[in-house]
Amino acid sequence: KEVTSFGGEGVVIRGTHSYYKFGTRSTEVLKRKPRLDGEALVLKTDPDKNNQGVLTCKAVNGKQQGKTFKLLMRKDSGTINYRDYEVSKELVGKTIRYEYESLSKGKIPTKPVGVGLRDVDKQGNPVL
């Protein structure tokens, strides 16, 4: 919070002997930014070029309620690999939790990623 209160985006954590490598990702660097969360109804899924399920979702809460957007489930979103296209078909009609960085001017979540299923009742209301 302290970093973002001064206008920073987040924190970068580096290994003690790591250094910046231009144009490449490094396993020795961890970037942490605060993320917001929401819930969305999965409308459909389509395969991408790697046969991962790209979910088309409709936000059910927050300022983005009613907005439609696409996302992938996070790789570590549980014991089931919902990134696999065939498996992602199970999510259609279900409510998921997702995280995102911010909202665009059009109230669309930026860089959304699914983090898990959300338990809801028959009317779609969250079960606490």
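The values are calculated or read from the model by the stated rules, or taken from the named source; none is laboratory data. Since the model is a prediction, treat every value here as computed from it, not as a measurement. Neighbour counts run over all protein chains shown; Cβ positions are idealised from the backbone, glycine included. To get the accessible areas, we keep the full protein, side chains included, count just its heavy atoms, and leave off ligands, DNA and RNA. Shrake-Rupley method; radii C 1.70, N 1.55, O 1.52, S 1.80 Å.
Observations on the model:
- Ordering 125, 36, 85 by the projection of their Cα atoms onto the charge dipole of the chain, which places +1 on the Cβ of Lys and Arg and -1 on the Cβ of Asp and Glu, puts 36 at the extreme positive end.
- Whole-Å distance, taken between Cα centres, linking region 92-110 and region 1-58: 14 Å
- Pairwise alpha-carbon distances in region 1-41 exceed 14 Å for 60% of all pairs.
- The modelled label-to-label distance between residue 9 and residue 35, using points 7 Å beyond Cα along the C-beta direction, is 1.6 nm.
- Taking every protein chain into account, the accessible area of the chain amounts to 71 square angstrom per residue (probe 1.4 Å).
- Here the 3J(HN,Hα) profile of region 15-30, calculated from phi with Karplus coefficients 6.51, -1.76 and 1.60 at θ = phi - 60°, is x, 4, 10, 8, 9, 6, 10, 4, x, 9, 8, 10, 7, 9, 10, 10 Hz, Gly and Pro shown as x.
- Choice from 82, 98, 20 with maximal GNM fluctuation in the chain (Cα, 10 Å cutoff): 20
- From phi via Karplus (6.51, -1.76, 1.60), per-residue ³J(HN,Hα) for region 112-127 in Hz, x at Gly/Pro: x, 9, x, 10, x, 7, 10, 6, 9, 7, 5, 8, x, 7, x, 9
- Residues whose amide H lies under 5 Å from that of residue 116, counting only those 5 or more places away or on a different chain, are 97; hydrogens are built 1.01 Å from N in the peptide plane.
- Set against the labelled values [x] 10.6; [y] 9.7; [z] 9.3, mean projected area of the Cα convex hull in nm² computed from this structure falls on [x].
- Backbone N within region 21-55 under 11 Å of label point (7 Å from residue 92 Cα along the Cβ vector): 43-47
- In this structure, residue 20 and residue 50 have a Cβ-Cβ separation that, at R0 = 25 Å, corresponds to a calculated FRET efficiency of about 0.30.
- Cα-Cα over 26 Å, subset of 21/67; 75/122; 67/111; 33/67: 21/67; 75/122
- Taking the charge dipole of the chain about its Cα centre, with +1 at Lys and Arg Cβ atoms and -1 at Asp and Glu Cβ atoms, the residue from 51, 27, 12 reaching farthest to the positive side is 12.
- Unit charges on C-beta of K, R, D, E only; dipole of region 21-128, Debye: 520 debye
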